[in-house]
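The values are calculated or read from the model by the stated rules, or taken from the named source; none is laboratory data. Small disclaimer: the values here were computed from a predicted structure and weren't measured. In this analysis, Cβ positions are derived from the backbone assuming ideal geometry, glycine residues included, and neighbour counts consider all displayed protein chains. To get the accessible areas, we keep the full protein, side chains included, count just its heavy atoms, and leave off ligands, DNA and RNA. Shrake-Rupley method; radii C 1.70, N 1.55, O 1.52, S 1.80 Å.
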Amino acid sequence: MLTDKIRKDFIAILEEEMIPAMGCTEPISLAYAAAKAREILGKDPEFIKVCASGNMIKNVRCVRIPNSGGLTGIEVAVCLGAMGGDAERGMKVLETVTEDTRKTIKDFINSGHCDVDYLDSDIPLHFIVEETAGPDYVSVEIRHDHTNISKIMRNGEVIFLGDESLTAGQAADRSGLSIDNIKEFADTVDVSEIKDLLDQEIRCNMDIAYEGMAGDYGLGIGRVIKTSYPESTLTRMKAYASAASEARMEGCDMPVIINSGSGNQGIASSVPVIVYARENYVPQEKLYRALVFSGLLTVHQKEYIGKLSAFCGAVSASCAAGAAITYLAGGTIEQIKDTVENTLANIPGIICDGAKASCAAKIATSLDASMMAHYLAMQGKGYQAFTGILKGETDQTISTVGYIGKVGMHETDREIIQTMLE
């Protein structure tokens, strides 16, 4: 039975991890730091320097930035944040950018007033933004979490020292996360405690899915899937989830409710579940409980992997969505665990080579695998323990996959970054 502490922790986890963000979270994080530096500097910078870890460079290099007019790159993100952002808005920092801002930053960048260097750091999410105006300069350093400012310096003096630990930004205790506890919480939580949060998730993530289907983003993968594959609920789950991702990756300025620091994970863990529930006339309360289950299971998996790595987050989030659909379909706890095991026995090798339009395709592929895992589980079929990387308990398998993604694929990550930098 869940303790009151675990129940409170789980609600706090959802509130911490499921927050609105515009666009890909890595460039938005850079823009947030730049806006904060400009706030402290007290005037427009004359020069901006950025030192960013390889994973930050990897995830910003190819993705279009909201409110930029279709531009990409670290220089664009920090200059937009510094010249027109509002740090008080957090991960929606670029909501205040105007056309004048866009013109200003183009001239600023073209004139060579922004420089980007590689930061050799063992922390995947790590960067420093320094802004200079005359004799004054301010630097803002972020570590581990997209809005976790670990240090602020003004004219060489430390004026703020924050949390530099791996648990930065995490007030809630995550030690109670397990599949059994997550299911019990999803079954019994007072929906009124999380309804507003989940209504926002449903509204934001489905709105951008509809925009992705209707708009001109990337390859238009959502429409291709919907019109080219046999008509089915699974086809529409994949189409709308991938369309939402593609719109986000291609610079749509609509907010997404993220999960574990990623909009794509927020999309993949929610949109398929919502589409499935609507097409099967699932009562709204049951949908809320399934979204709680999927959201917490995504966090559970990402706790072992970390915010950024060489392991594609679409796998974790889609695995959670498949398990949540087993939950919606009335599956037992063993069938839910089999869905997780069947997914992780299949696609734990998809790499993350940065944020870009093809993330949408990875979501569609991962959902295909998670739904096959669901269908197998509902027929009582699951891969045997101790075959490949599967362990005796599903939570142990999750931790093993996380260890491989974080530690085992560290060198893979370095090679991916090196290839992209070349």
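Looking only at segment 62-72, residues that are farther than 23 Å from THR412 by Cα and open to solvent by 10 Å² or more (accessible area, probe 1.4 Å) come to 6 in all. For segment 18-34, a residue qualifies if it is modelled with pLDDT of 95 or more and touching a His at 6+ places or on another chain (Cβ under 6 Å), and exactly one does: SER29. Consider segment 42-61 and keep the residues that are open to solvent by 30 Å² or more (accessible area, probe 1.4 Å) and charged (D, E, K, R). The one that is nearest to ILE28 (Cα to Cα) is ARG61. When you scan segment 53-62, do you find a residue that is in a helix (DSSP H, G or I), in contact with a Lys or Arg (Cβ under 8 Å, 6 or more places away or on another chain) and closer than 22 Å to SER245 by Cβ, even just one? Scanning segment 53-62 turns up no residue that is in a helix (DSSP H, G or I), in contact with a Lys or Arg (Cβ under 8 Å, 6 or more places away or on another chain) and closer than 22 Å to SER245 by Cβ. If you go through segment 341-356 and keep only what is open to solvent by 30 Å² or more (accessible area, probe 1.4 Å), closer than 23 Å to ASN59 by Cβ and among the aliphatic types (A, V, I, L, M), you end up with ILE350, ILE351. Summed over segment 306-330, the residues that are β-branched (Val, Ile, Thr) and either open to solvent by 10 Å² or more (accessible area, probe 1.4 Å) or closer than 13 Å to GLN265 by Cα (or both) give a count of 1. Within segment 80-129, restricting attention to residues that are assigned to a strand (DSSP E or B) and farther than 21 Å from ASP413 by Cβ, the residue that is most open to solvent (accessible area, probe 1.4 Å) is ASP115.
Within segment 225-251, restricting attention to residues that are closer than 19 Å to SER270 by Cβ and without any contact (Cβ under 8 Å) to a residue 24 or more places away in the chain, the residue that is most open to solvent (accessible area, probe 1.4 Å) is LYS226.
Looking only at segment 116-159, filter to residues that are in contact with a Cys (Cβ under 8 Å, 6 or more places away or on another chain) and among the aromatic types (Phe, Trp, Tyr); which one of those is modelled with the lowest pLDDT? Here the answer is TYR118. When the residues of segment 363-395 are narrowed to those that are within 16 Å of ILE347 (Cβ to Cβ) and assigned to a loop (DSSP other than H, G, I, E, B), which ends up least open to solvent (accessible area, probe 1.4 Å)? Here the answer is LEU390. Looking only at residues of segment 162-180 that are modelled with pLDDT of 95 or more and open to solvent by less than 20 Å² (accessible area, probe 1.4 Å), we find that the one that is nearest to ALA77 (Cα to Cα) is LEU177.
Residues in segment 304-320 that are assigned to a loop (DSSP other than H, G, I, E, B) and among the hydrophobic types (A, V, I, L, M, F, W, C): LEU308, ALA310, CYS312.
Listed by first and then second residue, the pairs linking a residue in segment 306-325 that is closer than 20 Å to ASN59 by Cα to a residue that is open to solvent by 10 Å² or more (accessible area, probe 1.4 Å) and assigned to a strand (DSSP E or B), with Cβ atoms under 8 Å apart and 6 or more places separating them unless they lie on different chains, are LYS307/SER262; ALA310/ILE351; PHE311/ILE351; CYS312/ILE351; GLY313/SER262; ALA317/SER262. If you take the residues in segment 252-303 that are without any contact (Cβ under 8 Å) to a residue 24 or more places away in the chain and in a helix (DSSP H, G or I), which one is most open to solvent (accessible area, probe 1.4 Å)? My answer is ARG278.
Residues of segment 146-161 that are open to solvent by 30 Å² or more (accessible area, probe 1.4 Å) and either assigned to a strand (DSSP E or B) or in contact with an Asp or Glu (Cβ under 9 Å, 6 or more places away or on another chain) (or both): LYS151, MET153, ARG154, ASN155, GLU157, VAL158, ILE159, PHE160, LEU161. The residue list ALA77, ALA21, ALA35, ALA31 contains one member that is among the small types (Gly, Ala, Ser), in contact with a strand residue (DSSP E or B) (Cβ under 7 Å, 6 or more places away or on another chain) and open to solvent by less than 10 Å² (accessible area, probe 1.4 Å), which is ALA21.
The residues listed here are ILE404, ILE398; of these, the one that is in a helix (DSSP H, G or I), open to solvent by 50 Å² or more (accessible area, probe 1.4 Å), within 26 Å of ASN59 (Cα to Cα) and aliphatic (A, V, I, L, M) is ILE404.
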